[in-house]
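What follows is calculated from the coordinates using simple rules that are stated; it is not laboratory data. A quick note: this is a predicted structure, and the numbers were derived from the prediction, not measured. Every residue, glycine as well, gets a Cβ built from its backbone with ideal geometry; the counts of neighbours run over all protein chains shown.
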Ligand SMILES: Nc1nc2c(ncn2[C@@H]2O[C@H](COP(=O)(O)OP(=O)(O)OP(=O)(O)O)[C@@H](O)[C@H]2O)c(=O)[nH]1
Ligand SMILES: [Mg+2]
């Protein structure tokens, strides 16, 4: 999974990036600290994977991963070249979701590019700039596809009609997610990769003294747009991420924070994208976590493991991770009858541990 981080300059994007990735990117109290994008790949923490691996004595552990892309801040008018402009948005066109960092802390020491802290205004500024960036891109694509459509190519004609509607919609301020691609030009969306079609997780960067929850106006904006909102305290989390795990957990408990910024963001992203996890774990082999969309079948899950396994799919042996752990391993789970045989259409559940029987 790839995630792009957007927000105003000085909102705390790089601080959050450091908290998530321990990458030690430069975060400083002046706008446009970040010019070149920072990228880091992070294993998705999941205690169930550790427990499953310990139960069946699997090693090594292979976590699901998320790549975070931290880019320069956007300001009002970025599409017309203000600030650093919006060219760097190209770096996040290929991501699966957007983390929109909104400053919600009132630390007067930290410069705000607009001179005051106003989360709702900032969100609107960023969303407008993302719309303009998509509009530019869509208009350019429309010009190109218009030529192809003249030749009568069926896919080009369908894509062209979609782009005409999209451009019109973007001009009126409607995000691209309101325009699903036409059935006879399914590639249309992939060709464009509009930013405003991506799912958004708002991350309110709140002060260390207030409650660890997003301000009401951000929660409301997220709800209206079918997005999600979480809260972190980026600076503290960045500092905690530099400590060792035990020390950080103790500090976190003292501060009354239940989970790390990484946990908050990962849980938020999984919920937003409606993802679940399943596990594969062989005795004395690797244990691996796989993130999949809710509603994925056993056969599709097999494809996530290996195309050969999917091709030769016979059936799946499935056990919930809690049952497997409680039974002390596969043999115990079989004895207790908690191991089930499932066919290719079985809908995977969060926490399933699966062994696919297949003919090579
Ligand atoms: N008090 C406080 N300061 C914060 C918090 N998060 C970030 N800061 C400070 O705000 C300043 C800007 O943080 P960055 O993480 O560099 O912000 P950015 O969004 O990456 O900024 P650009 O790269 O310039 O776009 C730094 O001085 C941070 O220490 C926070 O939660 N509380
Ligand atoms: Mg930065």
### Task
Express in whole angstrom the spacing between the alpha-carbon centres of region 269-297 and region 150-211.
28 Å
### Task
Would you mind putting 239-252, 52-65 in packing order, based on average other-beta-carbon counts within 10 Å, highest first?
52-65, 239-252
### Task
Pairs of Cα atoms under 8 Å, at least six residues apart: use those to get the relative contact order of region 129-196, whole percent.
39 percent
### Message
Roughly how far apart, in whole Å, are the Cα centres of region 335-360 and region 21-54?
### Response
33 Å
### Among beta bridges that DSSP assigns inside the chain, antiparallel share in %, nearest 5
50 percent
### Query
At 222 nm, what helix-only mean residue ellipticity would the chain give, in deg cm²/dmol to the nearest 500, using -39500 (n - 2.57) for each DSSP H run of four or more?
-12000 deg cm²/dmol
## Note on the structure
Percent relative contact order for region 160-205, counting Cα pairs under 8 Å at least six residues apart, stands at 32 percent
### Query
Ranked from highest to lowest mean number of other Cβ atoms within 10 Å per residue, what is the order of the peptides 27-37, 7-17?
7-17, 27-37
